[in-house]
Amino acid sequence: MLGHRQKGDDIVEKIGIFLGAGASKAEGAPLQNEIFYEYFSSEDFNNSYDEMDRELATFFYDFFNIDLDNDSLENVVFPTFEEALGLIDLAIRRKESFVGFDIVNRASNSGRLRFISQYLVFLIAKLLNKKLKKSNNLHDQLVERLYYLNIIKDTFFISTNYDILIDNALVKLYNKDIYLDYGIDFKNYDQENDWQRPVFDKSVHLFKPHGSLNWLYCPTCNQIEITPREKGVTTRLINEFHRATCKKCHTVYRPIIIPPSFYKDMSNVFIETIWNKAEYYLKQVNHLIFCGYSFPDADIHIKYLLKRIQINSDHPIKITVINYYDGKSDTSCKEEEIRYKRFFGQKIYYEKMSFESFVKEPEKILGSDCC
Ligand SMILES: [Zn+2]
């Protein structure tokens, strides 16, 4: 049976941990509005003459009047990652072009918008790859602590982040006979000595409704390959392009990264499955803990999912919010608390606790859920 497990005479409650951008930020990942500045002010970019970086420079000049080679970037106000990718995705969906940036035609620059869309995804993959090399293992600490408290299998995770911090932390449980289950099947299951199908009653679920940097999608086979123990798609798709094709049909893989915009493409069958399963698990949750999630207005799909489970669940769901960090102003805290309360109602627990503190002692928040 899903959701509940007997432990002595007590029923251990099902715990959902929702990881937002703030959880990755605590490990060194840039926030949405920092991504472009971080990437374009890096030495790697300044010394790069490859096609991707040159095309991005043209795109930023034409679309946002930003001269990446000559402007002093610390004074530039960049668009957010979501704004840039959202514009391109919407144009592709509507089959419309911008001057000089076509989707598909017979001109020499045919397909340019699709390339820009992929380059933007590679950009974030490259940046996260670099930034998270020196992470401080907060996600590892959380998983280890939940394992120590013997509640890891009563917990599932939802992450709106593309990075694979929580993924890597959960993969480390394999030597304890606990498996990571993303809720979808991978083509790796058919390959020897590769990622194996998780064992049902020995698994921890992780749902990633916005996609993941370690998933490579073959649009011909309609299958996803997972790149375990690699830091995202970067190595495959950018540095080792020859490995970035499907072994069966030789189609070039596509990343599955869905920006949290209003125009989100939910038509991919894998993403649909993830959303459906996330809803199924969330409905059974007793305690939902938001970590590092600011409840942004743009995430209307996430809000829709959360409202569905709040209304449709047959029992009340306790909601706790943990998103404090040193230097966070009282005004930001208050505004955030209001955003949560206006949506879920007044009865939520808005804690002045950081992700760093939570991972060390999650039992302080979980209380009767675990101990
Ligand atoms: Zn294929």
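We did not get these values from a lab; they are worked out from the coordinates using the rules stated. Bear in mind that the values here come from a model prediction, so they are computed numbers and not experimental data. A quick note on method: Cβ atoms are made from the backbone with ideal geometry, for glycine too, and the neighbour counts reach across all protein chains shown.
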Checklist line | Sorted peptide list for 89-96, 70-77, 293-300, criterion being average Cβ within 10 angstrom, highest first | finding: 293-300, 89-96, 70-77
Note to self: Taking only complete DSSP H runs, can you tell me which helices of the chain stretch 18 Å or more along their own long axis by Cα positions and average at least 0.0 on the Kyte-Doolittle scale?
What the structure shows: 81-94, 112-131
Notebook entry, point to check: Roughly how many nanometres apart are two label points built 7 Å out from the Cα toward the Cβ at LYS172 and HIS250?
Noted result: 4.2 nm
Next item on the list: Specify whether the C-alpha gyration tensor of the chain places it in the rounded, prolate or oblate class, a ≥ b ≥ c being the square roots of the eigenvalues: rounded for a/c under 1.5, otherwise prolate if a/b is larger than b/c and oblate if not.
Entry: prolate
Check: Separation between the ASP190 and ARG342 pseudo-spin-labels, each 7 Å from Cα along Cα→Cβ, expressed in nm?
Finding: 5.0 nm
Notebook entry, point to check: What percent does the relative contact order of the chain come to when contacts are Cα pairs within less than 8 Å and at least six residues apart?
Noted result: 21 percent
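Give me LYS307, LYS126, LYS172, LYS131 sorted ascending by neighbouring Cβ count inside 10 Å, so fewest comes first.
By the 10 Å Cβ count, ascending, the order reads LYS307, LYS172, LYS131, LYS126.
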Notebook entry, point to check: Where a ≥ b ≥ c are the square roots of the eigenvalues of the C-alpha gyration tensor, would you call region 314-371 rounded, which needs a/c under 1.5, or, failing that, prolate if a/b is larger than b/c, or oblate?
Noted result: oblate
Notebook entry, point to check: Taking LYS172 as the anchor, which aspartates and glutamates have their alpha carbon closer than 15 Å to its alpha carbon, excluding any fewer than eight residues away along the same chain?
Noted result: ASP140, GLU144, ASP181, GLU230
Item checked: Packing-based ranking, highest mean first, of 155-162, 328-335 given that Cβ atoms within 10 Å are counted -> 155-162, 328-335
Next item on the list: Determine the sum of side-chain charges near GLY22: Lys and Arg each +1, Asp and Glu each -1, restricted to other residues whose C-beta is under 12 angstrom from that of GLY22.
Entry: -1
Note to self: Given Cβ point charges of +1 (Lys, Arg) and -1 (Asp, Glu) and nothing else, what value in debye, to the nearest 20, does the dipole of the chain about its Cα centre take?
What the structure shows: 1000 debye
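Can you sort ILE164, ILE289 so the residue with the fewest Cβ neighbours within 10 Å comes first?
Fewest-to-most Cβ neighbours within 10 Å comes out as ILE289, ILE164.
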Next item on the list: Estimate the FRET efficiency between ASP326 and TYR61 by the formula 1/(1 + (r/R0)^6), using the beta-carbon distance for r and 30 Å for R0, to the nearest 0.05.
Entry: 0.20
Item checked: Fewest-first sequence of ASP53, ASP69 by Cβ atoms within 10 Å of each Cβ -> ASP69, ASP53
Item checked: Estimated [θ] at 222 nm from DSSP helical runs (n ≥ 4, -39500 (n - 2.57)) normalised by residues in the chain, nearest 500 -> -10500 deg cm²/dmol
Next item on the list: Select from LEU173, LEU142, SER212 the residue farthest towards the positive end of the dipole of the chain; place +1 on Cβ of Lys and Arg, -1 on Cβ of Asp and Glu, and compute about the Cα centre.
Entry: LEU173
Item checked: Extended-chain gain in nm, criterion 0.36 nm per residue less alpha-carbon gap, LYS334 and LEU31 -> 107.0 nm
Next item on the list: Count charges around ILE348 for me, please; just the other residues with Cβ under 13 Å from its Cβ, Lys/Arg as +1, Asp/Glu as -1.
Entry: +2
Checklist line | Rounded to the nearest 20 debye, dipole of region 32-133 from Cβ charges on Lys, Arg, Asp, Glu | finding: 600 debye
Checklist line | Sequence ranges 202-208, 250-256, ranked by mean other-Cβ count within 10 angstrom, highest first | finding: 202-208, 250-256
Next item on the list: May I ask you to compute the full-extension gain from ASP71 to TYR280, defined as 0.36 nm times their residue separation minus their alpha-carbon distance, rounded to one decimal in nm?
Entry: 70.3 nm
